[in-house]
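Since every read-out is calculated from the coordinates, none of them should be taken as a lab result. Keep in mind the model is a prediction, meaning the values are calculated, not measured. Cβ atoms come from the backbone with ideal geometry, glycine included; neighbour counts cover every protein chain shown.
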Ligand code: FAD
Ligand code: NAP
């Protein structure tokens, strides 16, 4: 007998930082909610990515929730860049602290969500046979959560162990005495390779495209420094929100091209010594002017060559594309690892990984023996987790069909044809180009206010309108063209996976400018949206949760001219 549907105001898919905070907000607003999570615990990214060396690359003191000052005060980060177990412990602490678990159903994957135009509600189904009936469907499925597992010929016949960094076994993996093959050289590979190399008997790294990486200079946090930050935490959070990246770091507003080579070297050395993503803050035009970018790319290649002993290996490790075009990597001892005699780099840029045999990996016609293969091959980014659910909107339209040529959204939060459907950090929002926890909180607050407004005015349905969605998509594309970031084959444009449409998916205009736009839309009575298909009902909303996102633009990093030209530096 079919199970009777459970009824909720909202169903939330995913219990990473987005789903957890969304649930907290919904409860605060008095809405009933059910969260479905495929994993058996909270934490999302930090639940799944347990590979050795996994840690954040935005400083922990900023890569954390900002909605509760008490939480900020009671939690103490121990390292500049917290390791995965500590971030997962933080997620669990938040779940306990705010009593979130009772509304989360774990080990349950949402398989289908269909909109009923008569009742204005979503019917959600899971792989465990649950059926939920909810007015609102909120996708907190993550931008980097659908693992990309290339179907290398012969993979099934491999007699050793196969791992993906994004689905790492909970019990960990001991590579001691093993011959390990790592496929991929993105952030996950770059973090894990030095540690795998410490254990493995032999390590072969298969590289399709080299990446730029900057040292993390990770360290234990000095308790005195932590106390100092905590004493003025609200100020730091406010400064971070006013930044294009949603996190704060020293930024140089001048042009790389106005400096002499000697001056530039001094500045690059200084920013290199600070390490990490803020290295891109050395000059303001690095992501907008190819000539400026060439100067930082040359510097980074010099650094690689200075570390790697074998000139051939060093050459292979030197990227020749735009610096920071693909997501910049942050490492601890990555390049040094290639000086170890048992570590080998194999270039597969021309032939790809040809096939897997029962005992190894074949590339360039040669077989490399392996007892274990680590696929550090990334994710079907931004839209992958949406594609893996059957989502059907108005007139039976599947979301995959609507997004066939690339995702189309209004503000990265909603999409035409899918009423009462919300995305946290969806494509078309700053999402992966900003501190993601900050992006998440701003979206969840905005969605909460929107839902409360609907309750206030008695609306059953909200949907964006096509002209506003089209304008937003055009704006997202236009802004992306100003940045050099749109010029290379990265996962930002879906290029890492064959067959995906090439569209620059995140909004690159900068976090505060985006926030202002969201606020403006709300203040104008949800401009660009229709409630119950009647635009007249766009009454003045009560701004509640969104109130805290009234950040001023930080003119220290964004001159009026840059804003006018929409040239906003983004890491
Ligand atoms: P996720 O954490 O991805 O959570 C989504 C959840 O949805 C998952 O638990 C998944 O199981 C669940 N889910 C998906 N589909 C379904 C379904 N159909 N049914 C049920 N459940 C489903 N960002 C930064 O800003 N700074 C960093 O330093 C940083 N480091 C990162 C390091 C790694 C290794 C990776 C992979 C990403 C990193 N990111 C970083 C990005 C990171 O994904 C975000 O910061 C943030 O954790 C995303 O939270 P989320 O809740 O939106 O998504
Ligand atoms: P990624 O950046 O997409 O890297 C995947 C790697 O696998 C790339 O080198 C890619 O080569 C290679 N690859 C993919 N398919 C392949 C194939 N069929 N054959 C050979 N090689 C293949 O993925 P990721 O390293 O998991 O990182 C994804 C994002 O997660 C990061 O950019 C970052 O935003 C986040 N992250 C952050 C951290 C952190 O430091 N905090 C750590 C990990 C991840 P190509 O480049 O040629 O496609």
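Between residue 161 and residue 405, the modelled label-to-label distance comes to 4.7 nm, taking each label 7 Å out from Cα in the direction of the beta carbon.
Rounded to the nearest 500, the 222 nm mean residue ellipticity of the chain from helices alone is -9000 deg cm²/dmol, with -39,500 (n - 2.57) taken per DSSP H run of at least 4 residues.
Give me the distance in nm between label points sitting 7 Å out from Cα along the Cα-to-Cβ direction at residue 355 and residue 339, one decimal. Rounded to a tenth, the inter-label distance reads 4.0 nm. Using the Cα coordinates of the stretch 27-68, the gyration tensor eigenvalues translate into equivalent-ellipsoid semi-axes of 26, 18, 5 Å, sorted from longest to shortest. Full extension of the chain between residue 220 and residue 70 gives 51.7 nm of extra length, using 0.36 nm per residue less the Cα-Cα distance.
Extending 7 Å from the Cα toward the beta-carbon at both residue 78 and residue 119 defines two label points whose distance is 4.9 nm.
Spatially, the stretch 121-162 and the stretch 498-520 are offset by 24 Å when compared through their Cα centroids.
Annotation: extensible slack from residue 495 through residue 291 equals 71.0 nm (criterion: 0.36 nm per residue apart, minus Cα-Cα distance).
Using a cutoff of 8 angstrom between alpha carbon atoms and counting only pairs six or more residues apart, the relative contact order for the chain works out to 18 percent. Over every Cα atom in the stretch 1-140, the radius of gyration and the widest Cα-Cα span, Dmax, amount to 16.5, 54 Å. Note on the stretch 294-366: semi-axes of the ellipsoid equivalent to its C-alpha gyration tensor, largest first and rounded to whole Å, are 25, 16, 11. Quarter the surface of the alpha carbon convex hull of the chain and you get the mean projected area, 26.1 square nanometres.
With a Förster radius of 51 Å applied to the C-beta separation of residue 128 and residue 534, the computed FRET efficiency comes to 0.85.
Here is the P(r) of the stretch 211-284: all C-alpha pair distances, binned every 10 Å from 0, give 17, 38, 34, 11, 0 in whole percents. Shape summary: the stretch 356-480 maps onto an equivalent ellipsoid whose semi-axes, from the alpha-carbon gyration tensor, are 38, 17, 15 Å in decreasing order. Where does the Debye-calculated log10 I(q)/I(0) of the stretch 122-179 sit at q = 0.25 Å⁻¹, using only Cα point scatterers of equal weight, no solvent? Here log10 of I(q) over I(0) equals -1.15.
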